[in-house]
Amino acid sequence: MKAREIMTAKVITVAEDTPVSQIAAVLRENRISGVPVIDASGGVVGLVSEHDLLARSGKVARDVMTSSVISVTEDTDVDDVRHLLVERRIRRVPVLSGSRLAGIVSRSDVIALLTTEWACEVCGEAIRGEHPPSRCPKCHADENRFVMQDPAPGP
C-alpha cells in the first residue's frame, strides 16, 4: 500500500507570512495539531505544530515553523511512512508530488489501517489487516473471496 492510498488530499496549509494567532485558530477550529507552510508555488517550506507555537516566539509562520521537514512521495510504501513516524517521533508527514504538496499522512491515517477488517464471503471469518489473507484460516477460500468491511460506527 502506498502513501497516496491513505493520505488526506485536502490539506489545510498556511503561508509563511500567516500570523501566529491565525495559525493557532486554524489548528483549533480544524482540530488538527499541525499544518504545512507552503510558498507561492505550492512547495512545502516548513511545518508549524502545536509544539512550535508553544516553544517558539514569533509573529508569523516563518518565525516559528520547523523548516527541516521530513516528507515522502505519493509512491512511498506505508510501512516506510510508519517507520518514519515512529523513528523520528513525528505526528505527520507531508506527501509530495514532485516539489508540490499532494497530501499529508498522519499517525491516525496509519492507525486506521489497524482497524481494516476483511470478511470471507464463503464462511464469514473476519480478519484484521492491511491486506486480505492469502487464504481463509477457517475454510481455506482464496484471497479474492475476501471483502473489506465498513468500520463500525462510534467513537
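The values are calculated or read from the model by the stated rules, or taken from the named source; none is laboratory data. Computed from a predicted structure; not experimentally measured. Neighbour counts are summed over all protein chains in view; Cβ atoms, including those assigned to glycine, are modelled from backbone coordinates with ideal geometry.
Would you point out which residue out of 67, 99 is out of contact with any helix residue (DSSP H, G or I) (no Cβ under 6 Å at 6 or more places or on another chain), surrounded by fewer than 12 Cβ atoms within 10 Å (Cβ to Cβ), in contact (Cβ under 8 Å) with a residue 40 or more places away in the chain and not hydrophobic (A, V, I, L, M, F, W, C)?
One residue alone meets the criteria, 99.
Residue 44 - would you say it is free of Cβ contacts under 8 Å to residues at least 60 places away in the same chain, surrounded by 15 or more Cβ atoms within 10 Å (Cβ to Cβ) and not in a loop (DSSP other than H, G, I, E, B)? Let's see the steps before the verdict.
Numbers: free of Cβ contacts under 8 Å to residues at least 60 places away in the same chain: yes; surrounded by 15 or more Cβ atoms within 10 Å (Cβ to Cβ): yes; not in a loop (DSSP other than H, G, I, E, B): yes.
In short, yes.
Considering only residues of region 4-41 that are within 16 Å of residue 90 (Cα to Cα) and either small (Gly, Ala, Ser) or outside the structural domain of residue 93 (by TED's automatic domain parsing) (or both), which is surrounded by the most Cβ atoms within 10 Å (Cβ to Cβ)?
34
Please return the ranges of strands (runs of 3 or more DSSP E) entirely within region 57-133 where 1 or more residues are touching a Pro at 6+ places or on another chain (Cβ under 8 Å) and of a type in the set (Phe, Trp, Tyr). Let's see the steps before the verdict.
Numbers: elements: 92-97, 100-106, 117-120, 126-128.
Ranges flagged: 117-120.
How many residues does region 12-56 contain that are farther than 16 Å from residue 104 by Cβ and of a type in the set (Gly, Ala, Ser)?
7
Please determine, by comparing only the residues of region 47-62 that are touching a residue at least 40 places away in the same chain (Cβ under 8 Å) and surrounded by 15 or more Cβ atoms within 10 Å (Cβ to Cβ), which one is nearest to residue 96 (Cα to Cα).
47
For residue 85, which of the numbered conditions (1) under 18 Å from the mean Cα position of the chain (by Cα); (2) more than 27 Å from residue 2 (Cα to Cα); (3) not β-branched (Val, Ile, Thr) fails to hold?
(2) is the only condition that residue 85 fails.
Are there any pairs, at least 6 apart or on different chains, whose C-beta atoms fall under 6 Å, with the first in region 132-150 and under 20 Å from residue 1 (Cβ atoms) and the second among the small types (Gly, Ala, Ser), and if so, which?
Filtered contacts from region 132-150: 143/134; 147/119; 149/119.
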